[in-house]
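The values are calculated or read from the model by the stated rules, or taken from the named source; none is laboratory data. Only a predicted model underlies this, so the values are computations on that prediction, with no experimental measurement involved. Glycine gets a Cβ as well: all are built from the backbone with ideal geometry, and neighbour counts include every protein chain shown.
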């Protein structure tokens, strides 16, 4: 597993040295010459009453246009530049359609779908992701600064389930650096991070572990793929490619000076995977954007158990609906006369010890500070219980959790819980469980729960699930969940909370 920090360093190393001083001419702008097209003359049909236009037998009937999937953003502003010694009005933000044209043809063929792209602009587009699930911006010059109104509309579009792809033609830093500045305005409190190597985008259709790329005219190199993203929930809502996702240029035989491009076959594979994940996430993305309200959370009642969700320096809240939905499920399906409430806090907060149960999850790597390690150690040794869950079964979080919990409790060992453990006995007797489709495809005979734990003085202080629980608690149908099926995730959740309350 390659951590996103290491991947970021790799990408910066690849893109270092790209010239910014001289204007860059993108050779991909010049389309190839069309082959000569000849058609024999055909006899006309019998004359029709005017104003009908005679239709030749050689002409094909026009089929209905397929539905649009991708909206390629066109910034219509013009500027004056000197071209071949003459002042001409040209696009302030030049772009090209050659990559998306070839990608759509390839994806339609491979995925057995029938979609198209169309050009649009941010001023006239309705902002409804049901019309265009994916917006695409590509260029090699600085991306225009978006108005505050446009930033707000894009933010709403992404929360409603849309996806934005920002693609640096020829890997030009003029574009991707300016694009990331606009991303920071859309989501100022969310990080743009490198995708971990187990991201569905690298495995959704093609299994991509390494890619070929070429910088300038240097020899072709082969390394792990690199994309950056901003997550909303479990899905990458904004995808940034600082390297050219090349689908149309033979970089093997025609290197581009000042460019960094993936081999066109690898670019097509990554682009196809992006389209695959967008299509698979459509329903989840729309459902996630609709906030679930539980009015009782804010009511003060006599018997109330507050579960604190632990904040950390990774993506700590990818499943914000999970705990509230689990709490509501417990209230409606058990006899527990307790009002649940979720609060969020850091391990350093003074109120940590008021909560007998804390919960944490995440998608990627994280690190506790020394102060957080000491506070959590004291909390657990004082009788508190930590419930941890690798969101959607992501490996980066799993690696980090095992490393960090060993720092918190260095004398304890994280072990798999046997089937006769008390946590599987109350209130539900659980011996077998069902898993998500991804896990069943890899391990069809797996039907035992996989909870792990750390004990202090014979009592579980840490309960950890390396496969996803929270995605099942949310019940939003995330297609790439490596976890328990929804019903069994909820059953396990009830038992885990019950055990934590009783012990």
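Of note:
- Total residues in the stretch 166-175 satisfying the condition of being closer than 16 Å to residue 228 by Cα and either out of contact with any strand residue (DSSP E or B) (no Cβ under 7 Å at 6 or more places or on another chain) or surrounded by fewer than 24 Cβ atoms within 10 Å (Cβ to Cβ) (or both): the figure is 2.
- Complete set of residues in the stretch 385-397 that are out of contact with any helix residue (DSSP H, G or I) (no Cβ under 7 Å at 6 or more places or on another chain) and crowded, with 20+ Cβ neighbours inside 10 Å: 393, 394, 396
- Only helices (runs of 4 or more DSSP H) whose full extent lies in the stretch 390-503 are considered here, and the ones with at least 2 residues that are without any contact (Cβ under 8 Å) to a residue 40 or more places away in the chain are 395-408, 437-442, 486-502.
- Some residue of the stretch 189-199 being surrounded by fewer than 17 Cβ atoms within 10 Å (Cβ to Cβ), assigned by TED's automatic domain parsing to the domain that holds residue 276, in a strand (DSSP E or B) and modelled with pLDDT of 95 or more: no
- Within the stretch 231-250, the set of residues being part of a loop (DSSP other than H, G, I, E, B) and in contact with a strand residue (DSSP E or B) (Cβ under 8 Å, 6 or more places away or on another chain) comprises 242, 243, 245, 246, 249.
- Tally, over the stretch 155-167, of residues that are within 14 Å of residue 72 (Cα to Cα) and over 15 Å from the mean Cα position of the chain (by Cα): 1
- In the set 96, 119, 145, only one residue is assigned by TED's automatic domain parsing to the domain that holds residue 167 and not in a loop (DSSP other than H, G, I, E, B); that residue is 119.
- Test: residue in the stretch 251-264 that is part of a helix (DSSP H, G or I) and in the same structural domain as residue 148 (by TED's automatic domain parsing): yes
- Candidate set from the stretch 250-265 (those that are surrounded by 21 or more Cβ atoms within 10 Å (Cβ to Cβ) and either closer than 19 Å to residue 166 by Cβ or without any contact (Cβ under 8 Å) to a residue 12 or more places away in the chain (or both)); member that is nearest to the chain's Cα centre (by Cα): 262
- Index of the failed condition, residue 347 passing every other in (1) touching a residue at least 40 places away in the same chain (Cβ under 8 Å); (2) crowded, with 19+ Cβ neighbours inside 10 Å; (3) part of a loop (DSSP other than H, G, I, E, B): (1)
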